[in-house]
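Below: one structure, written as structure tokens.
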Amino acid sequence: MPSNPFLKPILFSENDGALSGQFWFGVDADNKLLFQNTVGVSSIRKNVDEPLQEKLWLHVAVSLSTYNELLFYINGFKHLSTTLHSWQNPSNGPFGIGRLHNMSESEYYYFHGFLSDLYVFSRDLRPEEIGKIMGTY
């Protein structure tokens, strides 16, 4: 099973069609949360500034609003808010959990670790809803 120690994918989707592309969310080589969206040859990559603490359970939420605002929450606190200008909706392709398809090398990378209670919603969540899921409200 191929693996890349520098990419720890959590959620992945690959789209088919004329505007083929992919998005993935996970952890990068610096242990920072990362979101990447690729459409054709253009790619957008956003990550949080601070690395995640290792060997500690964290609650992580990522939300993409209808206004293309990308939000990262770690343990209920907002760590990144940015706008994505060329987002491709992932609804055209299947989701992969814990794996990433490297299209240029035709191989998959896998997440090595533990995930618990992974939710995917078809809408953006308000901070109060994220807190409720996390168990703080």
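Just so you know, all these numbers are worked out from the coordinates, no wet-lab data involved. What you see is a predicted model, and the numbers here were worked out from it, not measured in a lab. Every residue, glycine among them, receives a Cβ derived from its backbone with ideal geometry; neighbour counts consider all protein chains shown.
Given the peptides 48-60, 113-125, 24-36, arrange them by the average over their residues of other C-beta atoms within 10 Å, most packed first.
Those peptides, ordered most packed to least, come out 24-36, 48-60, 113-125.
Can you tell me how much longer the chain between Glu69 and Ser81 gets when fully stretched, taken as 0.36 nm per residue apart minus their C-alpha distance, in nm with one decimal?
Extending this stretch completely gives an extra 3.6 nm.
Can you tell me, using C-alpha contacts under 8 Å and at least 6 residues apart, the relative contact order of segment 30-76 as a whole percent?
Worked out over segment 30-76, it gives 28 percent.
Apply 1/(1 + (r/R0)^6) to the Cβ-Cβ distance of Glu50 and Glu128, taking R0 = 22 Å, and write down the FRET efficiency to the nearest 0.05.
0.40
Between Val48 and residues 5 or more places away or on another chain, which pairs have amide H atoms under 5 Å apart, with H built 1.01 Å from N, and which residues are they?
Here the answer is Leu33, since their amide H atoms fall under 5 Å of that of Val48.
May I ask you to evaluate 6.51 cos²θ - 1.76 cosθ + 1.60, the Karplus curve with θ = phi - 60°, for each residue of segment 107-116 and list the ³J(HN,Hα) values in order in whole Hz, giving x for glycine and proline?
9, 10, 10, 10, 7, 10, x, 10, 10, 9
If I model a spin label as a point 7 Å beyond the Cα along the Cα-Cβ vector, how far apart are those points for Ile97 and Leu115 in nm?
About 0.6 nm separates the two model spin labels.
Determine ³J(HN,Hα), in whole Hz, for all residues of segment 32-39 in sequence, where each value follows from phi through the Karplus function 6.51 cos²θ - 1.76 cosθ + 1.60 and θ = phi - 60°; x replaces Gly and Pro.
Once rounded to whole Hz, the list reads 10, 4, 9, 10, 10, 10, 10, 10.
Long-range amide H contacts for Asn102: which residues qualify at under 5 Å (H placed 1.01 Å from N, peptide plane, sequence gap of 5 or more or a different chain)?
When sequence neighbours closer than 5 places are left aside, the close amide H contacts are Glu107, Tyr108, Tyr109.
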